[in-house]
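The values are calculated or read from the model by the stated rules, or taken from the named source; none is laboratory data. Note that the structure is predicted; figures quoted are calculated from it, not measured. FYI the Cβ positions are ideal-geometry reconstructions off the backbone, even for glycines, and counts take in every protein chain you see. Just so you know, the surface numbers come from the protein's heavy atoms only, side chains and all, with ligands and any DNA or RNA stripped out. Shrake-Rupley method; radii C 1.70, N 1.55, O 1.52, S 1.80 Å.
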Amino acid sequence: MLTLIQNVECYAPSPQGSVDILIANNAIAHIAPDISLTSSLVNVIDGSNLIALPGLVDSLVHISGGGGEGGFHTRTPQMSLTEATLHGVTTVIGALGTDATTRTLPDLVAKAKGLNIEGISAYCYTGSYHLPARTITGSVTDDIVLIDAMIGVGEVAIADHRAAEPTVQALAEVAAQARTGGMISGKAGIVYIHTGDGKRQLSLLHDVINNTDIPASQFYPTHINRNQGLLEAGIAWTRSGGVIDMTTSTNEQFIEEGEIPAADAIAYCLTNGVTARHLSMSSDGNASLPVFDDNGMLVGLEVGKVGSLFDAFKALVLEHNVSLENAIQVVSTTPARMLKLHQKGKLKPNSDADIVLCNKTTLDIVHVIAKGKHVVAQGKAIVKGTFE
Ligand code: ZN
């Protein structure tokens, strides 16, 4: 199967000028100014007036459904294939969340496998909010080594009322287990951290890296745009060598209560000297977004959207004038590097052919190619999930 994208302005993420991109099976075969290839077997895509960027890597999606913080009838639905592909997301990492009782790790792994068959790249984390971590095999290390889809552990909750604050020892232990599993299997072995709005902020992470030999790169804290104080703590974490992640799913109430829209938070960090290598965004898709009244009573429930990630990418470029190169790093290159997904996050020969083609001016998505397969054409899904 050959696909040739012609005359597209390529961001690898660094700007490559106007080129042709040849895709063979699921990988990029060649990138050059003029690739001539004439055969009826070649699917030719006209890239003029479009830009090409690596498919988005979403480091946190509740792919098998999450939450349900208003009772059983409020459990959120699973993610469908096109909720990702229509919005340029070609790699997702699934997680449980608050609910690790009715949501299970075997179900999460099965959902990731299903998404891989349907056409995108899907992975997941073992564990959930609480320590000791839930696992499939009885060991975080063994889960990461033995279960293909599992690349780390998370979301481990810190500074959150829904989970007891782990001790330095407990967090260091799970990090060492994940790190060992990652080293044996050639995976990231990352500890993905759910950061709540508690006053301890990221101090536990500093305690672990200051008192053990575990490096900052072992932790990947998200929800850092929850409030201005946490954002400042996040910037301090990047000065210790860490990477911070902003959540793009939000609602009016969260913003009113002090949450900073993810694109605003990224722009603020860049202005304050943090490089795009230390910044990323994820959607927290399919999480429940509870709405409370002034008395703390639950009055509504919304669902996080994977599509919010691309919206935030557009806002970075169109509203905050962040360069395409930096904006692409934040939604693709940096998460791919943190998660050791070496075939993702860049456009170059031998990389996976995960490519988003969007309008040069509006950045609206026109085509999406996932693992070499044309899944979105002219903004419409041409490949759908099994039950869509
Ligand atoms: Zn979370």
Relative contact order of segment 237-321: what whole-number percent is it, with Cα pairs under 8 angstrom and at least 6 residues apart?
-> 33 percent
Based on Cβ point charges of +1 for Lys and Arg and -1 for Asp and Glu, what charge dipole magnitude is obtained for segment 68-199 about its Cα centre, in debye rounded to the nearest 20?
-> 80 debye
Using a 1.4 angstrom probe, figure out how much accessible area the chain has per residue, in square angstrom, rounded to the nearest whole.
-> 40 Å²
Given the candidates 96, 385, 300, the one whose Cα lies deepest towards the positive end of the charge dipole of the chain, counting +1 at each Lys or Arg C-beta and -1 at each Asp or Glu C-beta, is 385
Mind ranking 329-339, 31-41, 145-155 by how tightly packed they are, going by the mean number of other C-beta atoms within 10 angstrom, highest first?
-> 329-339, 145-155, 31-41
Pairs of Cα atoms under 8 Å, at least six residues apart: use those to get the relative contact order of segment 54-338, whole percent.
-> 19 percent
Aspartates and glutamates near residue 199 by alpha-carbon distance under 20 Å, same-chain residues fewer than 8 away left out - which ones?
-> 155, 160, 165, 207, 232, 245, 256, 257, 259
Amide H within-cut-off set for residue 44, under 5 Å, with H built and near neighbours excluded = 4
Quick one: Cα centre-to-centre distance for segment 241-266 and segment 1-42, in angstrom?
-> 36 Å
Can you work out the FRET efficiency for the pair residue 293 and residue 272, with r the C-beta to C-beta distance and R0 = 35 Å, to the nearest 0.05?
-> 0.50
Could you give the distance between the Cα centres of segment 318-388 and segment 184-202, to the whole Å?
-> 25 Å
With point charges of +1 on the Cβ of Lys and Arg and -1 on the Cβ of Asp and Glu, referenced to the Cα centre of the chain, which listed residue (31, 154, 376) lies farthest in the positive direction of the dipole?
-> 31
Nearby lysines by direct alpha-carbon distance to residue 344 (threshold 19 angstrom, same-chain neighbours under 8 apart not counted) | 113, 187, 371, 373
Rounded percent of accessible protein surface that carbon and sulfur make up, the chain, 1.4 Å probe = 51 percent
Förster radius 22 Å - calculated FRET efficiency between residue 27 and residue 340 (Cβ-Cβ, nearest 0.05) = 0.75
